[in-house]
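See structure below.
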Amino acid sequence: MNKEQILEAIKAMTVLELNDLVKAIEDEFGVTAAAPVAVVGAAVGAAEEKTEFDVVLASAGAEKIKVIKAVREITGLGLKEAKEVVDNAPKALKEGVSKDEAEQIKAKLEEVGASVEVK
């Protein structure tokens, strides 16, 4: 029996017959049909490591003026625009930045008392 004949025989089977065939193969060879799927899922998850992050100002904290200055420095916004961003927290400051840049921004803002999330 060649590969094409086996595939034709499988195509002709009902769902119940296919289920019995899978169970018989699992028993005969000591394997499970679910294992390869789990391995492929883990490999796909590892391959899709996140490369772009969003930095979100969660809250300004007690030192609002220092946070406004830091936001101006990070974003290049004017005083009024930076104040609006801080007043309207939670607000995204930077989107699609590298992990290193996101961590630097987070550290700079937390240094002045702000709460920051990296997503």
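The values are calculated or read from the model by the stated rules, or taken from the named source; none is laboratory data. As the structure is a prediction and not an experimental result, all values here were calculated from the model. Heads up, the Cβs are rebuilt from the backbone with ideal geometry, glycines too, and the neighbour counts pull from every protein chain shown. Side chains are part of the model used for accessible areas, which takes the heavy atoms of the whole protein and leaves out ligands, DNA and RNA. Shrake-Rupley method; radii C 1.70, N 1.55, O 1.52, S 1.80 Å.
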Open item on the list: Any residue that is surrounded by 15 or more Cβ atoms within 10 Å (Cβ to Cβ), without any contact (Cβ under 8 Å) to a residue 24 or more places away in the chain, not in a helix (DSSP H, G or I) and not β-branched (Val, Ile, Thr) - is there at least one of those in segment 58-74?
Closed with: no
Open item on the list: Please go through segment 75-98 and give me each residue that is assigned to a strand (DSSP E or B) and of a type in the set (Asp, Glu), ordered by number.
Closed with: Glu95
Open item on the list: Is it the case, given these coordinates, that Ala89 is surrounded by 14 or more Cβ atoms within 10 Å (Cβ to Cβ), over 27 Å from Lys50 (Cα atoms) and of a type outside the set (Val, Ile, Thr)?
Closed with: no
- [ ] Just give me the residues in segment 30-57 being modelled with pLDDT of 80 or more and either open to solvent by 80 Å² or more (accessible area, probe 1.4 Å) or under 19 Å from Glu111 (Cα atoms) (or both), in sequence order.
- [x] Glu52, Asp54, Val55, Val56, Leu57
